[in-house]
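Student: Mind looking over this structure? Questions follow.
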Amino acid sequence: MLVTVLAREAGIDTDGGDTWYAKAVEWGIANGITDGANPDGEITREQFAAMLYRYAGSPRPDGGFDSYDDAASVSSWAEDAMAWAVESGLITGRTETTLAPPGTANRAEAATLLQRYFEMAI
């Protein structure tokens with residue numbers, strides 16, 4: 001779903017294809033937004049952050065996420081994305097001390113992340 005939202009936001013026609021998301025995934029792969037793996041699966045918080053980060057052009061983060069007790073659970077491939085997402089206010093902790101990067105992004109979190117991202121990008 002996320003890659004389809006981003007593709008449509010980028011002005012890509014996502015109609016057609018073998019599945020409702022096929023053209024969006026093709027666009028996402030071609031533009032380095034996603035690797036296209038498991039498009040039917042649930043998305044983690046760090047995967048969500050990474051896709052938004054890549055869509056934003058992979059800006060260099062200035063800060064980090066060391067203040068969270070579970071900072072070490074951020075995957076190495078997602079470190080810059082999570083640092084950017086935390087410092088920009090896109091992602092906050094699930095609690096005051098936990099970031100929960102491998103946790104599944106639920107619908108409310110997904111909606112909040114997208115709203116914050118698009119408000120920030122304006």
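The values are calculated or read from the model by the stated rules, or taken from the named source; none is laboratory data. Bear in mind that the values here come from a model prediction, so they are computed numbers and not experimental data. Reconstructed Cβ throughout: ideal geometry from the backbone, glycine too, with neighbour counts over all protein chains shown.
Student: Being out of contact with any Pro (no Cβ under 8 Å at 6 or more places or on another chain) and modelled with pLDDT under 95 is true for just one of GLY57, GLY28, GLY16, GLY103. Which residue is that?
Tutor: It is GLY16.
Student: Can you confirm whether segment 96-103 contains a residue that is among the hydroxyl-bearing types (Ser, Thr, Tyr) and exposed (fewer than 15 other Cβ atoms within 10 Å of the Cβ)?
Tutor: Yes, segment 96-103 contains at least one residue that is among the hydroxyl-bearing types (Ser, Thr, Tyr) and exposed (fewer than 15 other Cβ atoms within 10 Å of the Cβ).
Student: Return yes or no: is ALA22 surrounded by 12 or more Cβ atoms within 10 Å (Cβ to Cβ), modelled with pLDDT of 95 or more and of a type outside the set (Asp, Glu)?
Tutor: Here the answer is yes, as ALA22 does meet what is asked.
Student: In segment 25-69, which residues are polar (S, T, N, Q) and either touching a Phe, Trp or Tyr at 6+ places or on another chain (Cβ under 8 Å) or over 21 Å from GLU109 (Cβ atoms) (or both)?
Tutor: Passing the criteria: ASN31, SER58.
Student: Still on this structure: Counting only residues that are closer than 19 Å to ARG54 by Cβ and exposed (fewer than 12 other Cβ atoms within 10 Å of the Cβ), which one in segment 75-95 is modelled with the lowest pLDDT?
Tutor: Residue satisfying both the conditions and the ranking: GLY89.
Student: Quick test of your reading of the structure: SER67 fulfils all but one of (1) within 14 Å of THR4 (Cβ to Cβ); (2) surrounded by 12 or more Cβ atoms within 10 Å (Cβ to Cβ). Name the failing condition by number.
Tutor: (1)
Student: Pick out, from segment 1-107, the helices (runs of 4 or more DSSP H) lying fully within it that include 2 or more residues that are under 20 Å from PHE118 (Cα atoms) and in the same structural domain as TYR117 (by TED's automatic domain parsing). Break it down stepwise before answering.
Tutor: Values: elements: 2-9, 22-30, 45-55, 79-87.
Because the criterion is at least 2 residues that are under 20 Å from PHE118 (Cα atoms) and in the same structural domain as TYR117 (by TED's automatic domain parsing), the helices (runs of 4 or more DSSP H) in segment 1-107 that meet it are 45-55, 79-87.
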